[in-house]
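Everything below concerns the one structure shown next.
Coordinate-derived values only; no laboratory data. Nothing here was measured: the structure is a model prediction, and the numbers come from that model. Neighbour counts are summed over all protein chains in view; Cβ atoms, including those assigned to glycine, are modelled from backbone coordinates with ideal geometry.
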Amino acid sequence: VDGFDTYIFDMDGVIWVGAEAVPGAAATITRLQERGKRVLFLTNNSTRTRQEYVTKLSKFGIKCSKSDIYSSAYAAAAYIESQSFSGTVYLIGEDGVAQEIEDAGIGIVRAKDLFGQKHILPSEMEKMDIPSGINGVVVGQDFEFTWTKLAFATFILHRDHSCLFVSTNQDQTFPSSRTLPGTGAVVAAVKTAAMRDPVNVGKPSTFLIDYIIKHYDIERSKTLMIGDRLNTDIAFGKDSGLGTCLVLTGVSSLDDVRDPTNKTIPDFYLSSAGSMFDE
Ligand SMILES: [Mg+2]
């Protein structure tokens, strides 16, 4: 603990699993804060705003402010801003990412604005009037993903090959007691039809670390990334030059670490974030 000044916690699978708190995780975070450590939170979940995470964390007994929260939704908004973008973004995603992009002053259009709740057939898609000014496509987690949404994104991305194309993250699965499809599955559908890859802004992309460093003036070697997933959290930490700690309360297991095909080896592991001060 003394080796690090800043702790970046993933949330799903680290602080909570589904609706359940990971025992002791909140106490660990409070203890770090009391010792004067900086604690930040970084999630690939794009469905909530940063303010909603402040509220959720407080329900789990963790105090923080909006500026301590970094999410793939916020990353998408920050990335679009960094591209001196003009126009409107077509968004496949939930309200969290919609809000973050709008808060950055960027206009969005979603399928419900264009089609209401209607499913559009290929013949109708051929004839529809396309609003002008859509110069970007953002894909995040979308629990109501449809062929209509996919078809419109495909059209926009093929119409203009310089059109901005961003994914909030590409996690294959969604953290849940039952394995459910993650944003990566939705992104795979869009990129297959688009025939090109999006810029990914969530972990393991290191896009956000530059933002975090600029904002907080932190030292990479004195920063520890704590997460439950090798191919996002730990890969992000390693690619960003941070210390890395895998917790075994979420997606990845020690067997995954030891798998001969795995190249992402964390510096530390803990059975749980709750045991940081015990082990
Ligand atoms: Mg996680």
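Of the residues Ala235, Gly202, Thr261, the one whose Cα sits farthest toward the positive end of the charge dipole of the stretch 193-279, with +1 on the Cβ of Lys and Arg and -1 on the Cβ of Asp and Glu, is Gly202. The chymotrypsin sites (Phe, Trp or Tyr not before Pro) of the stretch 18-65 include none that meets both conditions, a loop assignment by DSSP and at most 12 other Cβ atoms within 10 Å of the site Cβ. About the centre of its Cα atoms, the chain shows a dipole size close to 120 debye [charges on the beta carbon of Lys, Arg (+1) and Asp, Glu (-1) only; nearest 20 debye].
Test of understanding: given the chain, find the longest segment containing no trypsin sites (Lys or Arg not before Pro) that are in a DSSP loop and have at most 14 other Cβ atoms within 10 Å. List each step's numbers first, then the result.
On the way: sites that count: Arg35, Lys63, Lys118, Arg178, Arg196, Lys263.
No qualifying site falls inside 197-262, the longest such stretch.
Between Tyr211, Phe115, Thr179, the Cα set farthest toward the positive side of the dipole of the chain (charges on each charged residue's Cβ, about the Cα centre) is that of Phe115. Extension gain for Val1 to Glu144 (0.36 nm times residue separation, less C-alpha to C-alpha distance): 47.2 nm.
Using the Cβ-Cβ distance between Tyr211 and Ala185 with R0 set to 25 Å, the FRET efficiency works out to roughly 0.40. Restriction of the GluC sites (Glu not before Pro) in the stretch 111-168 to DSSP coil positions whose beta-carbon has at most 14 other beta-carbons within 10 angstrom yields Glu144. Separation of the stretch 187-259 and the stretch 48-107, taken as the distance between their Cα centroids, equals 18 angstrom.
When the charge dipole of the chain is built from unit charges on Cβ atoms (+1 for Lys and Arg, -1 for Asp and Glu) and taken about the Cα centre, the candidate among Leu150, Leu270, Val14 whose Cα reaches farthest toward its positive end is Leu150.
The calculated FRET efficiency for the pair Asp239 and Glu126, based on their C-beta separation and a Förster distance of 51 Å, comes to about 0.75. Highest GNM mean-square fluctuation among Leu114, Leu150, Leu57, for the chain modelled with Cα contacts below 10 Å: Leu114. Counting only Cβ charges, +1 for Lys and Arg and -1 for Asp and Glu, the dipole size of the stretch 169-266 around its Cα centre is about 120 debye.
Just grab the label-to-label distance for Ser58 and Glu102, each label 7 Å out from Cα along the Cβ direction, in nm (one decimal). A separation of 2.2 nm, rounded to one decimal place.
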